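Below is one structure, written out as structure tokens; the observations come after it.
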Amino acid sequence: MYDKDFWNERYASEEYVYGKDPNAFLHSRLPNLKKGRILFPCEGEGRNAVFAAGLGWDVFAFDQSESGRQKALQLAKEKNVNIHYEISDVLGYPYAPEQMDMVALIFCHFHKSIRTTVHRNCVRTLKPGGLLLLEAFSPDQLQYSSGGPKDPDMLCHLKDLRMDFAEMNVEYEEALEVELNESPFHKGKAAIVRLVLRKV
């Protein structure tokens, strides 16, 4: 796991190290969905949360990094939108039951020792009929230098994700290779998994 100090240091510069534009998968899906309350765990500098707020979603986000939160709120101010952003780690966040219409997990990588717990907490906070959208690096990413953890226990197999979200209906899933161009930390050929699931 990367700790709070790691992320505070990474986000300390004035530059938005993962850029200000939203993740491409989120960008392709979110505008077509009915708006509601959306949660962004591990949201960092806020690029995805601010994008969602600009579309009219009621946005909730959290991260353990104070510098990430500060930059996210600054970006929201630049774009003239409001987001609710708390400081929390993934195990400490309350995940109030059946409060969210959607949860977006964008490159949120957890060690396998806590991954299932975090994922099930995300399901718990969804309303019935709510959606979960996920994009993450797969184990095949270890052959590439385009970003992501180097610990294989933090990378995502589709089979493990299916087990974590077994009570949800799969609307879309894919393991694929893409060309990332999000920032210097996410740039080049990459092996990823994508999921869209609906809570029954």
Packing-based exposure ordering (other Cβ within 10 Å, fewest first) of HIS186, HIS111: HIS111, HIS186
Extended-chain gain in nm, criterion 0.36 nm per residue less alpha-carbon gap, LYS77 and GLN99: 5.4 nm
Between the range 133-160 and the range 19-34, the alpha-carbon center distance in angstrom: 21 Å
Farthest positive-ward along the chain dipole, Cα basis, beta-carbon charges - from VAL103, TRP7, GLY44: VAL103
Within-13-Å neighbourhood charge of ILE106 [Cβ basis; K, R +1; D, E -1]: -3
Residue list for the range 160-200, given a label point 7 angstrom along the Cα-to-Cβ vector of LEU142 and an amide N cut-off under 20 Å: 160-162, 175-178, 189-194
Label point distance in nm, PHE185-ASP153, each placed 7 Å from Cα along Cα→Cβ: 2.3 nm
Hits among lysines - C-alpha to C-alpha of LYS199 under 27 Å, sequence gap 8 or more where chains match: LYS34, LYS35, LYS112, LYS127, LYS159
Electrostatic dipole magnitude of the range 4-199 [Cβ: Lys, Arg +1; Asp, Glu -1; Cα centre; debye, to 20]: 480 debye
Integer Hz, Karplus 6.51/-1.76/1.60 couplings in order for the range 108-117, x for Gly and Pro: 9, 10, 10, 4, 4, 5, 10, 4, 5, 4
Beta bridges by DSSP in the chain, antiparallel share as percent, to the nearest 5: 55 percent
Backbone N within the range 157-173 under 17 Å of label point (7 Å from THR116 Cα along the Cβ vector): 157-168
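All of the numbers you see were taken from the coordinates with simple rules; none came from a lab. In this text the structure is predicted, and so the values were computed from the model without any measurement. Neighbour counts run over all protein chains shown; Cβ positions are idealised from the backbone, glycine included.
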